[in-house]
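Below is one structure, written out as structure tokens; comments come after it.
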Amino acid sequence: MKIAVIGAGAIGSVIGGLLSKAGEDVTLIGRKPHVDAINQHGLILEGESGKTVIQVKAAENLHFKPDLALLAVKTQDVESSVRKVQSYLSGVPVVTMQNGVQSDDLVAGVLGKENIISSVVTFNGEFLEPGKALYSSLLSKTVLLIGEPFGAKGNRLQSLSGLFNKALPTDISEDIRGAHWTKLLWNLITAVPAVTGLSYQEGNHYPQIRELNINLVKEGLEVVKLAGIKTVPVPGFPLSLIETMAKMPLPEASSMMKNIIESSGELPVLGSILQSIKRGKSTEVDYMNGEIVNLGKKKGIPTPVNSLMVELVHQVETTRKFLTVDELTRRLS
């Protein structure tokens, strides 16, 4: 099976690299500096389980028809990326790997619904430099969920799960759209590192940051529930914790949030939005916090906290200047 990974950033490089290490025929499609480094020195993956160098094929453009395509670009780049390679993807199963809830429909708008398979990625990945990526431990839990966003298509999920499980723990979701909404609620706090420049662990030292995290997910949960959107369990992203914190007094919820962030390990977690800012790229905040803001507008539900964070992320995108914790606190008040 020829596998093309379209968008060899952090997540694409990790998944594609591990599939190649497991013996699959993988080609990473990425930017020239990354491609050149991989072709010269191999793909270097670093994580809690150590460092590994993987010899995997890499190219700047897709120039063949794969048997399977993994789409790992950011949500804001999905439509243009798919249109660019549309001629090679006719009839090819395409696995979407984006944050947020829009990607499946965006891809289907170009390729049709028949061959779209959706996934929720639950491990942290970071692009360090050309040819090198960092990832959290993949050893102890499910780190990839796959599902049918447009209804059952036979037993292809079972076959695909068997393929992915050669490289990383994978499970099948009966409601992948609900799983995307669950992960989105947790991803709302990703806007905070993007505004402050602090990793999750660094921001966790500040009570006002922990309280902001709580208010972001609490507001998101309220909007999703009032909109009647179904959520389902996702490994590593327990909805029950958000529901519990939403009912707690803020000081108690802050202590719980502190413990949750501490459990993420010692490797600094930046979040996808801050990583985009550090690389000088546009972010996917409109498809994360912006999703809650837009849903709130449709349902007549105020979303002041997520609305402010969308505004501030775009401000940082433009100015390239992070806010101090005190500056952020003043804006919140």
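Computed from the coordinates by the stated procedures, all read-outs in this text should not be read as laboratory data. Since the model is a prediction, treat every value here as computed from it, not as a measurement. Reconstructed Cβ throughout: ideal geometry from the backbone, glycine too, with neighbour counts over all protein chains shown.
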Problem - Geometric extent, Cα atoms of region 180-332 - Rg, Dmax (angstrom) - result: 14.4, 41
Practice task
At q = 0.14 Å⁻¹, work out log10 I(q)/I(0) for region 126-173 with the Debye formula, treating every Cα as an identical point scatterer and leaving solvent out; two decimals please.
Solution key: -0.47
Fill in the blank from the handout: The Cα radius of gyration of region 114-195, divided by 2.2 N^0.38 Å with N its residue count, comes to 1.24
Completion exercise
The alpha-carbon center of region 76-130 and that of region 256-333 are separated, in whole Å, by 23 Å
Exercise for the section: Over 29 Å between C-alpha atoms is what I'm after, so list which of 84/230; 51/153; 183/299; 65/298; 132/297 land there. Expected result: 84/230; 51/153; 65/298; 132/297
Practice task
Divide by every residue of the chain the summed helix terms, -39500 (n - 2.57) for each DSSP H run of at least 4, and state the resulting mean residue ellipticity at 222 nm, rounded to the nearest 500 deg cm²/dmol.
Solution key: -13500 deg cm²/dmol
Exercise for the section: Using label points projected 7 Å from each Cα along Cα→Cβ, tell me how many nm separate residue 243 and residue 1, to one decimal. Expected result: 3.5 nm
Practice task
Specify which residue in the list 109, 161, 38 is farthest towards the positive end of the charge dipole of the chain, using unit charges on the beta carbon of Lys, Arg (+1) and Asp, Glu (-1), about the Cα centre.
Solution key: 109
Exercise for the section: Report Rg(Cα)/(2.2 N^0.38 Å) for the chain, keeping two decimals. Expected result: 0.96
Exercise for the section: Treat the count of other C-beta atoms within 10 Å as a stand-in for reagent exposure and order 34, 180, 205 from fewest to most. Expected result: 205, 34, 180
Completion exercise
Final fewest-first order of 329, 122, 283 on the 10 Å Cβ neighbour count is 329, 122, 283
Problem - ³J(HN,Hα) computed for each position of region 69-74 - Karplus, 6.51 cos²θ - 1.76 cosθ + 1.60, integer Hz, glycine/proline x - result: 10, 9, 9, 10, 6, 5
Handout entry: Added length on full extension, which subtracts the Cα-Cα distance from 0.36 nm per residue, residue 229 to residue 282
Key = 16.3 nm
Exercise for the section: Specify which residue in the list 215, 237, 276 is farthest towards the positive end of the charge dipole of region 203-306, using unit charges on the beta carbon of Lys, Arg (+1) and Asp, Glu (-1), about the Cα centre. Expected result: 276
Completion exercise
From fewest to most C-beta neighbours within 10 Å, the residues 230, 281 line up as 230, 281
Practice task
Measure off 7 Å from each Cα along the Cα-to-Cβ vector at residue 297 and residue 175, then give the distance between these two points in nanometres to one decimal.
Solution key: 2.8 nm
